[in-house]
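First comes the structure, then the notes that go with it.
The values are calculated or read from the model by the stated rules, or taken from the named source; none is laboratory data. Just so it is clear, the structure is predicted and the values come from calculations on it, not from any experiment. Cβ coordinates were reconstructed from backbone atoms using ideal geometry, including for glycine residues, and neighbour counts include every protein chain displayed.
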Amino acid sequence: MHTHEATVDVDLVERWHTIAGCRHHFPLLRQRVNGKALVYLDNAATSQKPQVVIDTMMRYYQEENSNIHRGVHYLSERATRAYEAAREKVREFLNASDYREIVFVRGTTEAINLVAQTYGRRNIGTGDEVLISTMEHHSNIVPWQLLCEEKGAKLRVIPINDEGEILIDEYSTLLNERTKIVSIVHVSNALGTINPVKQMIAMAHARGIPVMIDGAQAVPHMKVDVQDLDCDFYAFSSHKVFGPTGVGILYGKRGLLEDMPPYQGGGDMIKSVTFEKTVYNDLPYKFEAGTPNIAGGLGLAAAIDYMANLDMQALASYEHDILQYASETISAIRGVRIIGTAKQKAAVLSFVIEGIHPHDVGTILDVEGIAIRTGHHCAQPVMRRFGVSATSRASFAFYNTKEEVDVLVRGIQKVIEVLG
């Protein structure tokens, strides 16, 4: 066993400490686990929340708690204004052209199901094809499988290479007159690969095919402009982007959303109801049946405000430096193999250790206060593509530091000493 200390210049170290200095905004990061300082490297599963997000949600329940859209009293009107202001913040965050293109959902999973069960059901029939990639999360596989089974359509899969990159020539070949929608991940949760989605969208649009993008892992790490991408649908989850759980966003081009039927029936998604006929509400409320996660929506807005005060370009550069340092030091440990080595990657590092099950890796690292994710990461097809049943995954955010990477490296060395 040997290790390699990557060469780090002074300016890089200063940048690490400057950006990671934001970690004091995140109260959970101050706790200790098993007597050790917590090293939280499970950000692809869920990110931690800054104090301002926690305070915003507490303030809603303490000062504004009321249902929205349905009351004329002071608290209801105040809560409604705050919730709709949150929608506008999301619109600006994604650079959507109209607030009516922003639909609140529970998360990326519900957003994809919404598109599959509304746009998909209306536009996909027997013999048609839905195109996804090998690296998709189960949430971007199973909803389309259900639809294809119901409609007699076929699910087609874009292959990837040994580095974990989509084979664009194969993608081009798979696009045909039977393809009714393409649904692809922007950033792989299991590999960290950043897909060339703008190029892929343009290729699909050249054939008149709409494209849905799963942006759950992209939005925390890069600026997303839906108008620049020209995607037809884009989804992300609040809890991946330093906001609360239980809320997410579906962006859809207004013309497509107008033509899509409601996803669920109930209160607030209607204009009038009789036993003979229901008239549905305008966008985006047509897709927002029932009382929403109001506090969650306000928490997401607070997270967006928090991120607006960060330099996203500097943040992306910083996370790239952390990922590169971690990749160099961890890959230098004998017996460790990194799964996913694409040229363009976000802050995800999946690895396997020869002869040691990932769950055992995670268990020993936890004793050292290190939180990583082990398993198939809800991406079993990509695990099979690389001939493994599971990986250990360290995923980084801007509040992580070089020193935490060093702790992880020492933890991996201890795993090998104990179990190797």
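Give the residues of segment 87-114 that are of a type in the set (A, V, I, L, M, F, W, C) and in a loop (DSSP other than H, G, I, E, B), sorted by residue number.
Ala96
Working only within segment 193-240, note down all residues that are in a strand (DSSP E or B), of a type in the set (S, T, N, Q) and within 12 Å of the chain's Cα centre (by Cα).
Within segment 193-240, Ser237 is the sole residue that qualifies.
Of the numbered conditions (1) outside any strand (DSSP E or B); (2) free of Cβ contacts under 8 Å to residues at least 60 places away in the same chain; (3) among the charged types (D, E, K, R), Lys271 fails exactly one; give the number of that condition.
(1)
Out of segment 243-281, which residues are closer than 12 Å to Arg100 by Cβ and either at pLDDT below 90 or not assigned by TED's automatic domain parsing to the domain that holds Ile304 (or both)?
Selection gives Asn281 alone.
Kindly indicate which of Ala79, Ala44 is buried (at least 21 other Cβ atoms within 10 Å of the Cβ) and under 23 Å from Lys271 (Cβ atoms).
Answer to the check: Ala79.
Does Asp321 count as surrounded by 15 or more Cβ atoms within 10 Å (Cβ to Cβ) and either under 25 Å from the mean Cα position of the chain (by Cα) or not assigned by TED's automatic domain parsing to the domain that holds Thr109 (or both)?
yes
Determine whether segment 86-101 contains at least one residue that is of a type in the set (Asp, Glu) and crowded, with 21+ Cβ neighbours inside 10 Å.
yes
Looking only at residues that are of a type outside the set (Ser, Thr, Tyr), out of contact with any strand residue (DSSP E or B) (no Cβ under 8 Å at 6 or more places or on another chain) and in contact (Cβ under 8 Å) with a residue 24 or more places away in the chain in segment 164-188, which one is nearest to Val226 (Cα to Cα)?
Among residues in segment 164-188 that are of a type outside the set (Ser, Thr, Tyr), out of contact with any strand residue (DSSP E or B) (no Cβ under 8 Å at 6 or more places or on another chain) and in contact (Cβ under 8 Å) with a residue 24 or more places away in the chain, the one nearest to Val226 (Cα to Cα) is Ile168.
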